[in-house]
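Notes follow once the structure below has been shown.
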Amino acid sequence: MPVTVHIPTPLRPYVGGRDTVATSAGTVGEILERLAADHAQLRAHLYRDDGRLRTFVNVYLNDRDIRDLAREGTRAADGDEVSIVPSIAGGAVAVATALPELTHAEILRYSRHLILPEVGPGGQRRIKAARVLLVGAGGLGSPAALYLAAAGVGTIGLVDCDTVDATNLQRQILHGTGVVGRPKLESAEARLQDLNPHVHVETFPVRLTSANALEILRDFDIVVDGTDNFPTRYLVNDACVLLGKPNVYGSIFRFEGHASVFHAVAGACYRCLYSEPPPPGLVPSCAEGGVLGVLPGIIGSIQALEALKLILGAGDTLVGRLVLFDARKFRFRELTLHKDPDCPVCGPNPSLHELIDYEAFCGVGATPAYEGPEITATDLARDLRENPDLELLDVREMREWEICRIPGARLIPLGQLPERLSELDGHKEIVTHCHKGIRSMRALEILQAAGFSKVRSLRGGIEAWATEVDPSVPRY
Amino acid sequence: MRIVPGVLAEIRRHLAAAYPTEGCGLLLGTRGPNGDVVVRRQLPVPNRRAADGGGRTRYLIGPEDFLTAEREARQASLVVVGTYHSHPDVPARPSAYDTEHAWPWCCYLIASVAGGEVQEERVWELRDDRSGFVERELEVKES
């Protein structure tokens with residue numbers, strides 16, 4: 001009486017539809033090997049590439065799991081029954097239906113990836129199948145998009161509604177001098193397609209909002225956050241948590257950069273780290289505080305790296321870790337991030353189940369900007385000629401003062417203004433000005449609250465002065 | 001793959017109740033000579049990953065549950081034709097993990113569930129060479 005091998009339903013087609021196969025006695029390992037030799041197609045489903053049994057193939061001798069016996073060395077005698085029993089595993093987490101094949105041109109292009117054990121042909125096909133969305137085609141989005149396109153990420157989505165400005169070119173390497181004034185997505189798409197015609201670029205020339213975020217993010221596997229403001233950062237985080245997507249985060253300021261991977265199903269999210277945004281105006285943007293041009297190149301490249309690792313499932317990603325980079329000291333520090341049990345969006349008892357009004361949440365636009373009397377640049381030029389007593393108060397920073405100034409102006413940076421009010425003559429007419437007219441309105445508010453009555457703010461700041469009155473003043 | 005409406009309704013109820021954990025179960029039915037699959041019964045199975053905290057993104061149907069299902073199927077002159085599971089807050093397409101651990105000749109019905117409601121179901125089958133899944137049409141019809 002031979003050994004009977006019970007075949008589970010999913011494998012029956014490979015043994016002619018039978019539910020049992022008779023074989024001669026031997027170890028379980030020998031019996032399975034014989035089975036795979038007789039039915040070639042069975043092998044791939046029973047064994048991994050390295051020749052070991054797949055984790056989810058369970059083998060029983062009569063009614064005992066061979067893991068509790070001598071494993072594959074367990075002997076089956078005549079009359080015994082060997083059963084192959086699947087356990088079935090799976091579950092959510094991005095990427096992969098049928099992986100696309102690589103063309104000859106792609107095999108050549110990606111050869112340095114293909115010979116890398118951690119990537120190889122399988123990994124490269126995963127990269128080709130991947131869909132990565134970049135929110136922002138600016139400082140961080142530029143290097144991230146370039147490297148991801150070069151690496152062969154099959155679909156790259158870009159969300160940005162800005163046009164290219166000359167001040168962008170110091171760091172936003174997707175764009176060039178010839179496209180100043182054109183939409184960023186137009187030049188980004190052209191640059192990426194030139195770099196790698198095998199990738200598909202999808203553009204979303206809109207501002208990401210609570211109304212469109214889920215719809216846009218839904219079709220992508222990974223989101224790379226290259227935004228420069230808090231409302232969008234919280235929006236991207238919450239949308240990623242709600243959709244279960246990994247959010248590859250980066251931020252930069254002056255000489256410092258941060259990077260992490262927020263993937264709520266596996267670790268902390270942005271809200272676990274920062275439950276509330278800072279008060280509006282406390283953290284200056286790059287436009288206000290400046291940034292070293294090469295810094296986004298470093299942080300954006302880290303984001304591209306992490307996105308690729310997520311696609312490949314290789315290495316240790318930055319999930320649960322925040323990397324802090326100080327370019328001046330050249331020092332990387334690492335903080336461990338813990339999931340906040342009270343996190344309103346990714347905690348066990350979330351209070352947020354849909355996207356909210358992020359501008360209101362971050363206090364942006366919640367209180368209307370102060371509206372005081374303004375003066376245009378042309379009118380100011382006339383008043384300065386006619387009224388030598390007019391006090392022109394520049395509330396910018398010293399560094400900005402060194403770039404350019406309006407003749408006759410006096411510098412008191414906004415932060416020092418409350419303590420230096422005594423330097424001003426309340427009887428004189430005062431015009432405040434800054435770079436573009438925002439800070440000078442805040443200065444106006446301070447002056448009016450202190451009792452100064454004859455005050456106005458230069459509309460459009462020194463920028464307007466340079467364009468409308470005195471072209472010898474450089475714009476910055 | 002054809003499924004009886006009442007069976008699909010039961011599956012939806014099970015997966016909605018399991019949210020935000022992944023729910024899973026086995027599909028019993030028949031597979032015709034030309035590969036046509038008809039699902040006649042569903043068998044909810046405890047997610048063996050729910051206990052270790054991995055149940056939000058993983059499911060596991062243990063071998064003893066599979067054996068029980070095969071026995072039940074045999075008594076009803078049916079076979080195990082597939083499995084079903086939910087992807088809480090994630091689209092109803094197979095993940096890389098699904099591909100790695102999939103069985104051939106087995107229909108994978110994946111339902112995306114958001115906020116406790118089933119959004120859509122899609123059916124996939126592993127390619128013979130394990131290179132990935134192909135989608136199969138889902139037909140809801142009284143047999």
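Taken together, the values in this text are just the output of simple stated rules run on the coordinates, not laboratory data. None of the values given here were measured: they were computed from a predicted structure. Methodologically, a virtual Cβ is constructed for each residue, glycine included, from the backbone with ideal geometry; neighbour enumeration extends over all protein chains shown.
What are the residues whose amide H is under 5 Å from the amide H of A:THR74, where those residues sit 5 or more places off or on another chain and H is modelled from the backbone?
A:VAL28, A:GLY29
Around A:ASN247, under 10 Å between beta carbons, what's the net of Lys plus Arg minus Asp minus Glu among the other residues?
With Lys, Arg at +1 and Asp, Glu at -1, the net is 0.
When chain B is modelled as a GNM with alpha-carbon springs shorter than 10 Å, which of B:ILE61, B:ILE110, B:ILE11 fluctuates the most?
B:ILE61
May I ask what percent, to the nearest 5, of DSSP beta bridges between residues of the stretch B:2-140 are antiparallel?
DSSP beta bridges in the stretch B:2-140 are roughly 70 percent antiparallel.
Taking each residue of A:128-136 in turn, how many C-beta atoms of other protein chains fall within 10 Å of its C-beta, and what is the average?
0
What FRET efficiency would be calculated for the residue pair A:ALA360, A:ARG420, taking the C-beta separation as r and a Förster radius of 51 Å, to the nearest 0.05?
It comes to 0.90.
Sorting check: for A:442-454, A:346-358, which peptide has the highest mean count of neighbouring beta carbons within 10 Å, and how do the rest follow?
Highest to lowest by the protection proxy: A:442-454, A:346-358.
Suppose a student asked you for the relative contact order of chain A, using Cα pairs under 8 Å spaced at least 6 residues apart; what percent would you report?
Relative contact order of chain A: 10 percent.
How would you rank A:337-345, A:127-135, A:307-315, highest first, on the average number of other Cβ atoms within 10 Å across their residues?
Most protected by this proxy first, the peptides run A:127-135, A:307-315, A:337-345.
Going by a ≥ b ≥ c, the root eigenvalues of the Cα gyration tensor, does the stretch A:104-361 fall in the rounded group (a/c under 1.5), the prolate group (a/b larger than b/c) or the oblate group?
rounded
Evaluate the charge dipole of the protein assembly as shown about its Cα centre and quote only its size in Debye, nearest 20, assuming +1 on the Cβ of each Lys and Arg and -1 on the Cβ of each Asp and Glu.
It comes to approximately 980 debye.
Got the relative contact order for chain B handy, in percent, Cα pairs under 8 Å and 6 or more residues apart?
After rounding, I find 27 percent.
To test your reading of the geometry: what angle, between 0 and 90 degrees and rounded to tens, separates the Cα axis of helix A:230-243 from the longest principal axis of chain A?
20 degrees
Using Cα atoms only, what is the angle between the long axis of helix A:141-151 and the major principal axis of chain A, expressed in degrees (0 to 90) to the nearest 10?
Approximately 30 degrees, to the nearest ten.
Please average, across the residues of B:81-92, the number of beta carbons from any other chain that are within 10 Å of each residue's own beta carbon, and give a whole number.
If you average over the peptide's residues, the count of other-chain Cβ atoms is 4.
Express as a percent, rounded to the nearest 5, the fraction of DSSP beta bridges in chain A (both residues included) that run antiparallel.
Once the DSSP bridges in chain A are tallied, antiparallel ones form about 50 percent.
Scan around A:VAL85 for amide H atoms under 5 Å from its own, H built in the peptide plane at 1.01 Å from N, and keep only partners 5 or more places away or cross-chain.
Those lying under 5 Å, H to H, from A:VAL85 are A:ASN58, A:VAL59, A:TYR60.
Classify the protein assembly as shown as rounded, prolate or oblate, taking a ≥ b ≥ c as the square roots of the eigenvalues of its Cα gyration tensor: rounded when a/c is under 1.5, otherwise prolate if a/b is larger than b/c and oblate if not.
Since a/c reaches 1.5 and a/b is larger than b/c, the shape of the protein assembly as shown is classed as prolate.
Tell me the label-point distance for the pair B:GLU72, A:SER351, using the 7 Å Cα-to-Cβ offset, in nm and rounded to one decimal.
My value for the distance between the label points is 4.2 nm.
Could you give the length gained on full extension between A:VAL294 and A:ASP165, defined as 0.36 nm per residue of separation minus the Cα-Cα distance, in nm?
Length gained between A:VAL294 and A:ASP165: 44.7 nm.
According to the square roots a ≥ b ≥ c of the eigenvalues of the Cα gyration tensor, what is the shape class of the stretch B:2-140, taking rounded for a/c under 1.5, prolate for a/b larger than b/c otherwise, and oblate for the remainder?
rounded
Helix A:295-312: angle to the longest alpha-carbon principal axis of chain A, degrees 0 to 90, nearest 10?
Tilt of helix A:295-312: around 20 degrees.
Go ahead and estimate [θ] at 222 nm for chain A from helices alone: -39,500 (n - 2.57) per DSSP H run with n ≥ 4, summed, over the residue count, rounded to 500.
After summing the helix terms and dividing by residue count, I get -8000 deg cm²/dmol.
If you take the beta carbon distance between A:HIS200 and A:ILE403 as r and set R0 to 35 Å, what does 1/(1 + (r/R0)^6) give as a FRET efficiency, to the nearest 0.05?
0.25
Provide the net charge surrounding A:GLU118, with neighbours chosen by a C-beta distance below 13 Å and charges set as Lys +1, Arg +1, Asp -1, Glu -1.
+2
Within 10 Å of each Cβ in A:44-57, how many Cβ atoms from other chains are there, averaged over the peptide?
Taking the mean over all residues of the peptide, I get 2.
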